[in-house]
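Asks: One structure follows; several queries about it will come next.
The values are calculated or read from the model by the stated rules, or taken from the named source; none is laboratory data. This one's a predicted model, so the numbers in the text were calculated from it and none came from an experiment. Cβ atoms come from the backbone with ideal geometry, glycine included; neighbour counts cover every protein chain shown.
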Amino acid sequence: MSKPLVGIIMGSSSDMDVMKAAAEILISFNVPHEVQIVSAHRTPEWMMEYARSAAGRGIKVIIAGAGGAAHLPGMTASMTSLPVIGVPVRSSNSIDGWDSILSILQMPNGVPVATVALNAAQNAGILAAQIIATSDNSLFKKIEEFKNNLKEKVIDANKGLAQ
């Protein structure tokens, strides 16, 4: 397998049910990636090492999913110059996901984290692929095809409606 271009990290194994959608869409685009559990609170040294070493290992984009206080995306972004995409995860200790959303969304100036909707890991995967596709024409064409298929699904859905 090729060296990973996207790093998918999450704060806990319980986030995998949500975060696997990012991996699945990257697989469909043939984008090499890696998946790791990296907790900002339980393994802060590992989180810092992961973020600081990612670019040197060939990673181009990091997708970071977290629930509750959701510090992982922001703390990762503070340790790397790579783009970080945050996925707020609705977790068992969550305030209906709003704590995660706001924690990831409200980053201070200078430490941006692109933030997708609650549990929207697939969108994070698509965005990561789009970022990489700015310098990969073959991948760009795959994404165009994916988007055209979305359009076709809407057109097809209308064919069955009574007018």
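Asks: Mind checking which residues of region 1-14 are at pLDDT 95 or above and in contact with a Gly (Cβ under 8 Å, 6 or more places away or on another chain)?
Replies: Result: Lys3, Pro4, Leu5, Val6, Ile8, Ile9, Met10.
Conditions (1) under 13 Å from the mean Cα position of the chain (by Cα); (2) among the β-branched types (Val, Ile, Thr); (3) under 22 Å from Leu5 (Cβ atoms), marked per residue:
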position: Glu34; (1), (2), (3): yes, no, yes
position: Glu45; (1), (2), (3): no, no, no
position: Ala55; (1), (2), (3): no, no, yes
position: Ile63; (1), (2), (3): yes, yes, yes
position: Gly97; (1), (2), (3): no, no, no
position: Leu105; (1), (2), (3): no, no, no
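Asks: Can you run down the residue pairs with Cβ atoms below 9 Å, 6 or more apart or on separate chains, where the first is in region 144-163 and in contact (Cβ under 8 Å) with a residue 60 or more places away in the chain and the partner is surrounded by 10 or more Cβ atoms within 10 Å (Cβ to Cβ)?
Replies: From region 144-163, the pairs are Phe146/Ile25; Phe146/Ser28; Phe146/Phe29; Phe146/Ile126; Phe146/Ala129.
Asks: Continuing with this model, one more query. Is it the case that region 150-163 has a residue that's in contact with a Phe, Trp or Tyr (Cβ under 8 Å, 6 or more places away or on another chain), of a type in the set (D, E, K, R) and on the phi < 0 side of the Ramachandran plot?
Replies: The answer is no; no qualifying residue exists.
Asks: Separate question: Could you check, for region 132-146, whether at least one of its residues is modelled with pLDDT under 95, of a type in the set (Val, Ile, Thr) and loosely packed, with under 14 Cβ neighbours inside 10 Å?
Replies: No: zero hits.
Asks: If I go through region 38-63 residue by residue, how many of them are assigned to a loop (DSSP other than H, G, I, E, B), under 20 Å from Ile126 (Cα atoms) and hydrophobic (A, V, I, L, M, F, W, C)?
Replies: 1
Asks: Could you list all residues from region 60-89 that are of a type in the set (A, V, I, L, M), closer than 21 Å to Ile132 by Cα and surrounded by fewer than 21 Cβ atoms within 10 Å (Cβ to Cβ)?
Replies: Met79, Leu82, listed by residue number.
Asks: Hey, among the residues in region 38-66 that are of a type outside the set (A, V, I, L, M) and in contact (Cβ under 8 Å) with a residue 40 or more places away in the chain, which one's nearest to Pro108 (Cα to Cα)?
Replies: The residue in question is Gly65.
Asks: Can you pull out every residue in region 13-22 that is under 10 Å from Ile37 (Cβ atoms) and either free of Cβ contacts under 8 Å to residues at least 60 places away in the same chain or of a type in the set (Val, Ile, Thr) (or both)?
Replies: Ser13, Met16 - these are the residues of region 13-22 that are under 10 Å from Ile37 (Cβ atoms) and either free of Cβ contacts under 8 Å to residues at least 60 places away in the same chain or of a type in the set (Val, Ile, Thr) (or both).
Asks: Right, next: Is there a residue in region 67-86 that is free of Cβ contacts under 8 Å to residues at least 60 places away in the same chain, closer than 18 Å to Val35 by Cβ and polar (S, T, N, Q)?
Replies: For region 67-86, residues free of Cβ contacts under 8 Å to residues at least 60 places away in the same chain, closer than 18 Å to Val35 by Cβ and polar (S, T, N, Q): present.
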